[in-house]
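Computed from the coordinates by the stated procedures, all read-outs in this text should not be read as laboratory data. Here the structure is a predicted model, which means the values were calculated and not measured. Every residue, glycine among them, receives a Cβ derived from its backbone with ideal geometry; neighbour counts consider all protein chains shown.
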């Protein structure tokens with residue numbers, strides 16, 4: 001069986017590059033990483049809220065329907081997604097506060 005281990009002495013650099021939303025010279029600006037992180041976190045929060053909302057609508061419609069439809073997620077998973085969204089929003093707020101503090105400190109000097 002061939003070995004799946006590769007040598008650490010490989011002289012050919014990998015071609016993989018981390019995914020970036022911002023291309024060109026803008027990707028190296030001061031807040032580019034924060035802007036990209038903000039975009040990713042808010043997209044995740046939005047997706048979680050859409051899934052929760054759609055499942056809640058199906059559950060509400062099931063109360064009035066003769067034939068029930070399965071929601072995309074159960075109540076426990078919806079609660080977990082909601083908590084994840086709250087934690088993600090708190091993380092984004094914390095990082096924003098850190099940037100604000102650094103900017104204020106810079107301008108106060």
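Label-to-label distance for residue 32 and residue 17 is 1.0 nm, based on points extended 7 Å past Cα in the beta-carbon direction. Relative contact order, whole percent, for the chain stands at 22, derived from Cα pairs under 8 Å and 6 or more residues apart. Taking Cα extents along the principal axes in Å as calculated from this structure, the corresponding entry among (i) 65, 65, 24; (ii) 53, 34, 28; (iii) 50, 28, 20 is (i). Relative to the longest principal axis of the Cα atoms of the chain, the long axis of helix 75-108 makes an angle of roughly 40 degrees.
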